[in-house]
Amino acid sequence: LKMENDLRRALERDEFYLEYQPQVQLSTKELVGMEALLRWQHPKRGLVSPVEFIPVAEESGLIVPIGEWVLTTACRQNKEWQTAGYRPICVSVNLSMRQFLQPNLAGKIGEFLKRIGLDPCYVDLEITESMTLDKEKAFEQLKRLKELGVFISIDDFGTGYSSLHYLKNMPIDRLKIDRSFVSEVMEDSNNAAIVSTITSMAHHLKLKVTAEGVENEDQLQFLRQQRCHEAQGYFFSKPVRAQEFENIFLKSA
Ligand code: G
Ligand code: G
Ligand code: MN
Ligand code: NA
């Protein structure tokens with residue numbers, strides 16, 4: 001309850017900020033995207049992990065205004081960088097369950113993007129497998145978002161409820177292989193088999209596939225051999241603040 005009250009004030013007190021983590025195309029080593037990750041600088045507790053506060057925000061409904069802040073801030077930032085003349089890249093934003101199930105989500109996002117002048121093709125919405133449990137609702141939401149022209153990714157793929165049926169039928173664009181499979185891919189042959197199978201399946205289904213949590217060159221090499229499209233992880237960079245992202249990744253791209 002204490003955290004809930006603190007969260008309630010965090011938006012107006014400007015305690016949130018975003019970090020960005022690069023996403024790299026493996027065939028060209030080109031920067032193609034960035035994932036926006038929410039950070040909360042609590043005045044007394046210091047930096048609080050989203051793992052701690054997102055569930056509280058979700059439970060209380062505060063995730064809706066907080067998620068809206070994340071989405072609008074990340075999209076404005078992306079537009080700002082395009083206006084500054086950097087080569088356009090896509091920004092990935094994590095959606096929570098409540099946000100995803102909001103009526104007229106696509107309408108609101110569409111209006112906002114039009115207002116700031118950002119092409120929807122530079123926005124990627126990350127949802128998790130569990131959000132598609134209610135198949136009909138999820139299908140309707142995804143259909144509207146796809147009509148809008150944004151990109152849809154399944155985050156943490158392989159850790160949740162994944163029926164092959166929904167992969168075949170849901171209008172999605174990309175699978176993000178969960179980092180638990182990538183992390184030991186060189187040591188654990190089961191992980192190697194899982195990564196290889198997900199990548200191959202993505203190719204057959206004409207989906208993009210991104211590996212998360214890439215931390216070393218060996219993993220990268222393995223992923224290239226599997227023809228995985230993109231990668232993200234500490235090997236390239238941890239998530240960093242906007243200014244640092246611009247200095248390190250945009251100015252050199
Ligand atoms: O960046 P970090 O490893 O601390 O993130 C931990 C978890 O919090 C991840 O599962 C990530 O998806 C989630 N997360 C980070 N930012 C957001 C956000 O803006 N919205 C939601 N719903 N989840 C987020
Ligand atoms: O669930 P989601 O994929 O949104 O989580 C992203 C989180 O994973 C981020 O909070 C980020 O801090 C973390 N992360 C990103 N790259 C790596 C990595 O290479 N290794 C580990 N252990 N965590 C990572
Ligand atoms: Mn994510
Ligand atoms: Na993940």
Tell me, yes or no, whether the range 152-167 has at least one residue that is modelled with pLDDT of 95 or more, assigned to a helix (DSSP H, G or I) and more than 15 Å from the chain's Cα centre (by Cα). no
Checking G46 against (1) surrounded by 13 or more Cβ atoms within 10 Å (Cβ to Cβ); (2) out of contact with any Asp or Glu (no Cβ under 9 Å at 6 or more places or on another chain); (3) over 30 Å from G117 (Cβ atoms), only one condition comes out false. Which one? (1)
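The rows are residues; the columns are (1) within 11 Å of ligand 1 (Cβ to nearest atom); (2) in contact with a Leu (Cβ under 8 Å, 6 or more places away or on another chain).
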{"residue": "R8", "(1), (2)": "no, yes"}
{"residue": "V24", "(1), (2)": "no, yes"}
{"residue": "E30", "(1), (2)": "no, no"}
{"residue": "I63", "(1), (2)": "yes, no"}
{"residue": "G67", "(1), (2)": "yes, yes"}
{"residue": "Q82", "(1), (2)": "no, yes"}
{"residue": "M97", "(1), (2)": "yes, no"}
{"residue": "I109", "(1), (2)": "no, yes"}
When only residues in the range 200-221 that are away from ligand 4 (no atom under 16 Å from the Cβ) and in a helix (DSSP H, G or I) count, which is surrounded by the most Cβ atoms within 10 Å (Cβ to Cβ)? L220
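Pick out the one residue from S237, S200 that is in contact (Cβ under 8 Å) with a residue 60 or more places away in the chain, out of contact with any Phe, Trp or Tyr (no Cβ under 6 Å at 6 or more places or on another chain) and small (G, A, S). Write out each step before concluding.
Details: S200 fails: in contact (Cβ under 8 Å) with a residue 60 or more places away in the chain.
Going through S237, S200 in turn, just one is in contact (Cβ under 8 Å) with a residue 60 or more places away in the chain, out of contact with any Phe, Trp or Tyr (no Cβ under 6 Å at 6 or more places or on another chain) and small (G, A, S): S237.
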When you scan the range 29-69, how many residues do you find that are closer than 28 Å to G110 by Cβ, outside any strand (DSSP E or B) and either within 16 Å of ligand 4 (Cβ to nearest atom) or of a type outside the set (V, I, T) (or both)? 11
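The values are calculated or read from the model by the stated rules, or taken from the named source; none is laboratory data. All figures in this text were calculated on a predicted structure; none of them were measured in a lab. Counting neighbours? That spans all protein chains shown, and the Cβs are built from the backbone with ideal geometry, glycine included.
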